[in-house]
1. Confirm whether ILE188 is open to solvent by 20 Å² or more (accessible area, probe 1.4 Å), under 30 Å from THR99 (Cα atoms), modelled with pLDDT under 85 and out of contact with any Ser or Thr (no Cβ under 9 Å at 6 or more places or on another chain).
2. Mind checking whether some residue in the stretch 167-189 is closer than 16 Å to LEU87 by Cα, in a helix (DSSP H, G or I) and touching a residue at least 40 places away in the same chain (Cβ under 8 Å)?
3. Looking at LEU205 and the list (1) modelled with pLDDT under 95; (2) over 28 Å from PRO26 (Cβ atoms); (3) surrounded by fewer than 16 Cβ atoms within 10 Å (Cβ to Cβ), which single condition is not satisfied?
4. Has the stretch 151-159 got any residue that is touching a strand residue (DSSP E or B) at 6+ places or on another chain (Cβ under 6 Å), open to solvent by less than 30 Å² (accessible area, probe 1.4 Å) and closer than 30 Å to ASP24 by Cα?
5. Test GLY46 against the stated conditions and say whether it is open to solvent by less than 30 Å² (accessible area, probe 1.4 Å) and out of contact with any His (no Cβ under 8 Å at 6 or more places or on another chain).
6. Would the stretch 61-79 turn up any residue that is in contact (Cβ under 8 Å) with a residue 40 or more places away in the chain and in contact with a Lys or Arg (Cβ under 7 Å, 6 or more places away or on another chain)?
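The values are calculated or read from the model by the stated rules, or taken from the named source; none is laboratory data. Nothing here was measured: the structure is a model prediction, and the numbers come from that model. Positions of Cβ are generated from backbone atoms using ideal geometry, with glycine treated the same way; all protein chains shown enter the neighbour counts. The accessibility values were calculated without ligands, DNA or RNA, using every heavy atom of the protein model including side chains. Shrake-Rupley method; radii C 1.70, N 1.55, O 1.52, S 1.80 Å.
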Amino acid sequence: MKLTRFFGIIAVFCIAIAIAMFTDLPLYKAYKAGDIKDFNEVEAGGLHNGDLVRGTADMNFGACAEEYSTTFGIRTSKKSSKLYYVLWMDNNQLILYETANADEFDTLDKQAEETSVFLDSQDDAAESGDDADIILPNTTLEIEGSVMSIPSSIEGYFREWYDDDQSFDENTEAVMIRKRDFSKLSWIPYIGIAAGAAGVVMLVLTIVFFVKAKRAQRYGY
């Protein structure tokens, strides 16, 4: 029964990977066709679920939500496994960016501090009448990602962070960007086929060893 359980677990794992890969096939097709939008060049509401995007993030307001490891609901990691940053797009809309990359955490945290300084310097410039008082952010991040719906729990944190229900829907995008490495998208169909084939093989082996185990129990060998 141990072998049955082992092959069964591997079969489920492989089939899950295959399903995930085939679910991402539209992204692969969009990538192969070169259908990639610059998120800074779209109009408000111009991004849709399933779009591939790239662009330069030059301002953000920090993270409004995070994910981390837990055990029975108790946090077990000091560091975040994912952060959801609020990017300020060139069309003045705000959009969430989901990333699990620690290097990006550092870059975007630094950029958020510079954005805060920039906004304060605008107030100083308005009082002094001298545009030289404006301090522009100089930290940028090149982003590649896919557009997807915002999970309901994350949207709740986003709304709480924004703290203005009246203007939230007008000034924020209804979708978010999830970090993607476009260089890996070309592997999607191959990984899907390989995982699917491996899953079928493992499933057959699971059935074979299950039958053998049942026969052994019945006939005592």
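1. On the way: open to solvent by 20 Å² or more (accessible area, probe 1.4 Å): no; under 30 Å from THR99 (Cα atoms): yes; modelled with pLDDT under 85: yes; out of contact with any Ser or Thr (no Cβ under 9 Å at 6 or more places or on another chain): yes.
No.
2. So the first thing to find is which residues in the stretch 167-189 are closer than 16 Å to LEU87 by Cα, and the list is 168-179.
Narrowing the set further to residues that are in a helix (DSSP H, G or I) leaves 168-171.
From what's left, touching a residue at least 40 places away in the same chain (Cβ under 8 Å): 171.
Checking the stretch 167-189: at least one residue is closer than 16 Å to LEU87 by Cα, in a helix (DSSP H, G or I) and touching a residue at least 40 places away in the same chain (Cβ under 8 Å).
3. The one condition LEU205 does not meet is (3).
4. Of all residues in the stretch 151-159, those touching a strand residue (DSSP E or B) at 6+ places or on another chain (Cβ under 6 Å) come to 154, 157-158.
Then keep just the ones that are open to solvent by less than 30 Å² (accessible area, probe 1.4 Å); that gives 154, 158.
Of the ones still in play, those that are also closer than 30 Å to ASP24 by Cα are 154, 158.
Looking for residues that are touching a strand residue (DSSP E or B) at 6+ places or on another chain (Cβ under 6 Å), open to solvent by less than 30 Å² (accessible area, probe 1.4 Å) and closer than 30 Å to ASP24 by Cα, one finds at least one in the stretch 151-159, hence yes.
5. yes
6. Taking the stretch 61-79 first, the residues in contact (Cβ under 8 Å) with a residue 40 or more places away in the chain are 61-65.
Keeping just the survivors that are in contact with a Lys or Arg (Cβ under 7 Å, 6 or more places away or on another chain) gives none.
Within the stretch 61-79 (the criterion being in contact (Cβ under 8 Å) with a residue 40 or more places away in the chain and in contact with a Lys or Arg (Cβ under 7 Å, 6 or more places away or on another chain)), the answer is no, since none of the residues qualifies.
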